[in-house]
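The values are calculated or read from the model by the stated rules, or taken from the named source; none is laboratory data. Note that the coordinates shown come from a computational prediction; the quantities given were computed from them, not determined experimentally. Positions of Cβ are generated from backbone atoms using ideal geometry, with glycine treated the same way; all protein chains shown enter the neighbour counts.
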Ligand code: PAF
């Protein structure tokens with residue numbers, strides 16, 4: 001497994017047309033499942049580890065975000081990963097961080113990242129930073145496929161639409177959605193789970209529980225009420241708990257087409273998100 005710091009080394013023929021798993025490190029079994037899914041497609045797998053400053057808001061956890069490179073490499077090595085790309089901030093943002101934040105803010109994002117008023121409203125600078133870094137990583141790595149977890153469903157939809165809207169830049173790149181991996185009690189795996197104290201960890205079950213309880217509701221209002229009630233009963237502070245169209249992420253009147261339940265909630269200082277497909281009723 002090669003550790004690659006200099007983007008120039010990515011042009012090595014051994015990594016051409018790779019399967020790519022972009023990450024911010026602090027890897028867990030959810031990332032492991034993305035790597036395994038990429039390996040199934042039979043191309044060399046490249047994983048990037050880059051804690052991207054432009055996708056964190058000024059009051060968010062950029063400084064304290066866990067950085068665990070040795071443990072990350074120990075998780076990746078047995079999975080047969082060909083290369084781990086660990087660029088510096090300067091390599092990704094050669095024009096400097098301030099200029100790059102401005103560039104992220106000026107990007108034209110697909111509607112799915114500006115209209116729903118979910119993550120786009122709660123974290124107004126987040127998707128600009130994600131789109132900027134993912135586009136840059138794609139330009140450097142030039143993968144044939146990229147693998148993203150459904151855990152960050154809104155991010156996944158943004159990247160799918162971003163790539164589709166600019167085939168001149170991204171060519172035939174395939175964006176491959178991969179299912180959320182959960183702990184035994186249903187909590188979606190996330191690098192931020194390690195911020196949770198023991199009582200918070202217990203209460204964090206509320207998100208998957210809320211999605212489960214709402215899953216087979218026959219009315220959108222009922223599903224949304226059940227999600228809120230479940231989150232309240234576990235003592236979480238709900239930012240949103242909604243049912244949306246699975247493709248556009250816009251509000252829906254019923255369950256005739258694929259929909260997604262989407263939740264963001266706070267538990268002390270930690271913000272957690274989760275989502276799941278809801279039942280289709282015709
Ligand atoms: O999902 C993540 O870990 C990040 O948002 C990503 C896609 C690696 C971009 O920094």
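Just one of the listed residues (42, 25) is at positive phi, within 12 Å of the ligand (Cβ to nearest atom) and modelled with pLDDT of 95 or more, and it is 25.
Of everything in region 174-188, what is under 19 Å from residue 268 (Cβ atoms) and in contact (Cβ under 8 Å) with a residue 12 or more places away in the chain? Give them in sequence order.
Within region 174-188, 185, 187, 188 meet the criteria.
For region 4-19, indicate whether the set of residues that are under 20 Å from residue 150 (Cβ atoms), within 15 Å of the chain's Cα centre (by Cα), in contact (Cβ under 8 Å) with a residue 60 or more places away in the chain and surrounded by 13 or more Cβ atoms within 10 Å (Cβ to Cβ) is non-empty. For region 4-19, residues under 20 Å from residue 150 (Cβ atoms), within 15 Å of the chain's Cα centre (by Cα), in contact (Cβ under 8 Å) with a residue 60 or more places away in the chain and surrounded by 13 or more Cβ atoms within 10 Å (Cβ to Cβ): absent. Residue 158 - would you say it is away from the ligand (no atom under 16 Å from the Cβ), at negative phi, crowded, with 18+ Cβ neighbours inside 10 Å and outside any loop (DSSP other than H, G, I, E, B)? No. For region 102-119, a residue qualifies if it is within 13 Å of residue 262 (Cα to Cα) and not in a loop (DSSP other than H, G, I, E, B), and exactly one does: 119.
Considering only residues of region 167-183 that are outside any strand (DSSP E or B) and touching a helix residue (DSSP H, G or I) at 6+ places or on another chain (Cβ under 7 Å), which is nearest to residue 145 (Cα to Cα)?
Result: 173.
Among the residues of region 185-196, some residue qualifies, meaning at least one is farther than 30 Å from residue 40 by Cα and either surrounded by 14 or more Cβ atoms within 10 Å (Cβ to Cβ) or out of contact with any strand residue (DSSP E or B) (no Cβ under 6 Å at 6 or more places or on another chain) (or both). When we screen 25, 129 for residues that are part of a loop (DSSP other than H, G, I, E, B) and in contact with a helix residue (DSSP H, G or I) (Cβ under 7 Å, 6 or more places away or on another chain), the only hit is 25. Scanning region 102-122 for residues that are within 16 Å of the ligand (Cβ to nearest atom) and buried (at least 18 other Cβ atoms within 10 Å of the Cβ) yields 104, 109, 110, 112, 113, 118, 119, 120. Count of region 187-220 residues, restricted to those that are in contact with a helix residue (DSSP H, G or I) (Cβ under 9 Å, 6 or more places away or on another chain), away from the ligand (no atom under 16 Å from the Cβ) and assigned to a helix (DSSP H, G or I), is 9.
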